[in-house]
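Read the structure below first, then the notes.
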Amino acid sequence: MTSLAAWTDRYITFTRDEWAQLRDSTPLTLGEADLELLRGINERIDLDEVATVYLPLSRLLNLYVAATQNLHKASAEFLGIRTPKVPYVIGIAGSVAVGKSTFARILQALLAHWPDHPQVDLVTTDGFLHSNEILEQRGIMNRKGFPESYDTRRLLRFLRDVKSGAPQARAPVYSHVVYDIVPDEFVTVCQPDIVIIEGLNVLQVGGLSEAAAATEFVSDYFDFSIYIDADEHDIEEFYVQRFLTLCETVFKEPGSFFEHFAHLSREEAERMARRIWQDINGKNLRENIAPTKTRAGLLLSKASDHRVTNIKLRRL
């Protein structure tokens, strides 16, 4: 089990095997067919990875959610009031192509099988990007995904509604096919037990252009946060391989914003992917995303095969 030396840091560090032992008797509630529906493009997550990494985390979060629910009950009893149902909010951060979306979907599915919190909603911050029209007007279309490309005020309003127990909170919808916000389409959150917020810059506290962000941050509304990490070289390879797959699939769909990429040769597509990584995604990772990792409650480090190699849990 974890050595005493690991406790000298802000985080308790676990090897993959040490973390797996913390699963205890938590049952595996997903089958191969379920996992196939949850996997992202080019990700090779198997049931062993789910049992080793996700189930211990599912157990930990179940304990945290129960403790938070009891804390709310105790506070309401002390004040002598009836309070609205307030969701437990989990933030998931990390680079483009590191596997945040797949991670969030699997975690959502596992958490929803616990009897005390069956309703688990997932919201991505892509929906809070400014529209392409606004990005073009501001001259930052090539900085989509950078902090200034988000409607931070709107995201904060959404989170305020969620954490105040509002009957409904609406989040805009983003399409990766048309590469823009879908007009008049929303994800509606209706007082679930847990809300997972997944996005690039959800742990960001500086450098935002929105005035409201000077005193209020997205992560202020998180009960727990997770950062998915990997060596930048590996993430670049994840991105390149995903781009090549998209050229053969999504980019060929009618109305795709990236339809012009679908006609590139494999060599041309790889050169384009690496150029985009160097000019945009890699730069965003180094300047804005990676510096936020130490604000997370849990750090998961991936190897080049997408498997988690070690876990760091911040001490309470």
Top-ranked residue in region 240-262 [being touching a residue at least 40 places away in the same chain (Cβ under 8 Å) and assigned to a helix (DSSP H, G or I); ranked as farthest from Glu43 (Cα to Cα)]:
Val250
Of the criteria (1) of a type in the set (A, V, I, L, M, F, W, C); (2) modelled with pLDDT of 95 or more; (3) more than 21 Å from the chain's Cα centre (by Cα), which one Val240 fails
(3)
Restricting to region 74-97, name every residue that is in a loop (DSSP other than H, G, I, E, B), closer than 26 Å to His306 by Cβ and not β-branched (Val, Ile, Thr).
Ser95, Ala97
I need the full set of residues from region 300-316 which are touching a Lys or Arg at 6+ places or on another chain (Cβ under 9 Å) and either under 10 Å from Ile12 (Cα atoms) or of a type in the set (D, E, K, R) (or both), in order please.
Asp305, Arg307, Ile311, Lys312, Arg314, Arg315
Output the qualifying pairs, or none if there are none: Cβ atoms under 7 angstrom, residues six or more apart or on different chains, first residue in region 80-99 and without any contact (Cβ under 8 Å) to a residue 12 or more places away in the chain, second residue surrounded by fewer than 24 Cβ atoms within 10 Å (Cβ to Cβ) and of a type in the set (Gly, Ala, Ser).
Arg82/Ala76
Note on region 130-152: residues more than 21 Å from Phe261 (Cα to Cα) and surrounded by fewer than 14 Cβ atoms within 10 Å (Cβ to Cβ) are Glu133, Gln137, Arg138, Gly139
Quick check: anything in region 282-293 in a helix (DSSP H, G or I) and in contact with a Gly (Cβ under 6 Å, 6 or more places away or on another chain)?
yes
Take the conditions in contact (Cβ under 8 Å) with a residue 40 or more places away in the chain and on the phi < 0 side of the Ramachandran plot and apply them to Arg105. Does it pass?
yes
From the list Ile92, Ile12, which residue is of a type outside the set (Gly, Ala, Ser), crowded, with 20+ Cβ neighbours inside 10 Å, out of contact with any His (no Cβ under 6 Å at 6 or more places or on another chain) and within 22 Å of Ser219 (Cα to Cα)?
Ile92
Residue set Arg59, Arg105; condition among the charged types (D, E, K, R), in contact with a Ser or Thr (Cβ under 7 Å, 6 or more places away or on another chain) and not in a loop (DSSP other than H, G, I, E, B); output residue Arg59
Asp34 - would you say it is without any contact (Cβ under 8 Å) to a residue 12 or more places away in the chain and under 23 Å from Glu198 (Cβ atoms)?
no
What are the residues in region 108-124 that are in a loop (DSSP other than H, G, I, E, B), surrounded by 12 or more Cβ atoms within 10 Å (Cβ to Cβ) and not small (Gly, Ala, Ser), if any?
His113, Trp114, His117, Pro118, Gln119
Across region 38-60, which residue is surrounded by the fewest Cβ atoms within 10 Å (Cβ to Cβ) among those that are touching a helix residue (DSSP H, G or I) at 6+ places or on another chain (Cβ under 6 Å) and closer than 20 Å to Pro115 by Cβ?
Pro56
Which condition number does His306 fail, the rest of (1) over 24 Å from the mean Cα position of the chain (by Cα); (2) surrounded by 13 or more Cβ atoms within 10 Å (Cβ to Cβ); (3) in contact (Cβ under 8 Å) with a residue 60 or more places away in the chain being met?
(1)
In the set Ala212, Ala269, Ala273, which member is at pLDDT below 95 and in a helix (DSSP H, G or I)?
Ala212
Do you know which of the residues in region 177-208 that are farther than 27 Å from Leu246 by Cβ, touching a Pro at 6+ places or on another chain (Cβ under 8 Å) and in contact (Cβ under 8 Å) with a residue 40 or more places away in the chain is surrounded by the fewest Cβ atoms within 10 Å (Cβ to Cβ)?
Gly207
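The values are calculated or read from the model by the stated rules, or taken from the named source; none is laboratory data. Here the structure is a predicted model, which is why all the values come from computation and not from measurement. As a convention, Cβ positions derive from the backbone with ideal geometry for all residues, glycine included, and neighbour counts pool all protein chains shown.
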